[in-house]
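A.B. asks: Dropping the structure in here first, questions after.
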């Protein structure tokens, strides 16, 4: 206890220097904890979202298949489209249980600083979206002049079931027939209309953006992929491959950001080193007197080590609290680098992640305090007399 109190008193002698060291260490630990937490949350949310879709394959236009599939799943527009004959061929395949067409078009609204994403569907989409629920109105379109709004789209447009809806960009007069419950997916911000209505609104007769496919048996995936790949103008991407690609990308992004976090921790090591070494130099006379009155080298080492532990422990705890309080900002930064990111928060802090971050932070402090402790233990008692 005496060692602890003495070490605490030594640290508060230079409050500004100690505070700066704490700040640097806490920021490094906060970034580290957020990245560990985000990686776990992203993997879990991505798996859940793909499983909930019930889709094994997606037919997209020729180009980059993963980019196209990711844009479709995130509710974004594609530059190319497929002929509706591709849908007919997909539905004729013996392995295909459901083939649901999608026509997705973005309508820019520059005066409002946003773009509305419209999606044309037919009834086969309901087989792929059994979790679709409406907070009010109807679950499906009663006629071709109907529109169903995601919950966020309904809030922005201030519309409810029964309201008229006019699209000035396309000249379409529609009626809101339903508003979806919040799902935490891209559906929340979309405008859904019947496929034929979308084709008329956007002058895309006989065209679709993509085709989502569920197989009768997942074991038929390989053969179905080979056959569907022969459809002119289309290419096949499996969501299993997509998930592997996304997680590989997540790994690359995490490696980059973790490298930055470890650079911050390395700087923290130097900061702790500088703080404690400066303290040892300033207290040369005091430490020499302690040696002269009987303090052993081991006791001097324990004193400086205790200061390092206090400094790094406090910085690590503060970093974990920062991660819990302000982790959403780091999460938003990471989301910008990743495809198909669910809209809900993906941070999933756990006791294990907190413990790992604490251990790393304390290890940083101990590492930074090794040389100052060794140097302090080597001071000779006669140094006190020289100072006099």
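A.B. asks: What full-extension length gain, to one decimal in nm, is calculated for residue 123 and residue 97 as 0.36 nm per residue of separation minus the Cα-Cα distance? Intermediate results must be reported in sequence, preceding the final value.
C.D. replies: Values: separation 26, 0.36 × 26 = 9.36 nm, distance 1.38 nm.
My answer for the length gained is 8.0 nm.
A.B. asks: Another question, then. Between residue 13 and residue 181, what length in nm is gained on full extension when 0.36 nm per residue of separation is reduced by their alpha carbon distance?
C.D. replies: Details: separation 168, 0.36 × 168 = 60.48 nm, distance 5.78 nm.
That pair, residue 13 and residue 181, stretches by 54.7 nm at full extension.
A.B. asks: For an R0 of 30 angstrom, estimate the FRET efficiency from the Cβ-Cβ distance between residue 163 and residue 230 and round to the nearest 0.05.
C.D. replies: 0.05
A.B. asks: For the residues 139, 200, what sequence is obtained by ranking on other C-beta atoms within 10 Å, fewest first?
C.D. replies: Least to most surrounded, the residues fall as 139, 200.
A.B. asks: With only alpha-carbon atoms in the gyration tensor, what are the semi-axes of the equivalent ellipsoid for the stretch 63-232, in Å, largest first?
C.D. replies: The answer is 28, 17, 15 Å, longest axis first.
A.B. asks: Roughly speaking, what is the stretch gain from residue 115 to residue 152, that is 0.36 nm per residue apart minus the C-alpha to C-alpha distance, in nm to one decimal?
C.D. replies: Here the answer is 12.0 nm.
A.B. asks: Report D for the stretch 118-159 in µm² per second (integer): Stokes-Einstein, Kirkwood Rh on Cα pairs, 20 °C, 1.002 mPa s. Each step should come with its number before you reach the end.
C.D. replies: Values: Rh = 11.5 Å.
Here the translational diffusion coefficient equals 187 µm²/s.
Any read-out appearing in this document is the output of simple, stated calculations on the displayed coordinates, not a laboratory observation. Since this is a predicted model, take the numbers as computed values, not measurements. No Cβ is skipped: glycine too gets one built from the backbone with ideal geometry, and neighbour counts run over all protein chains shown.
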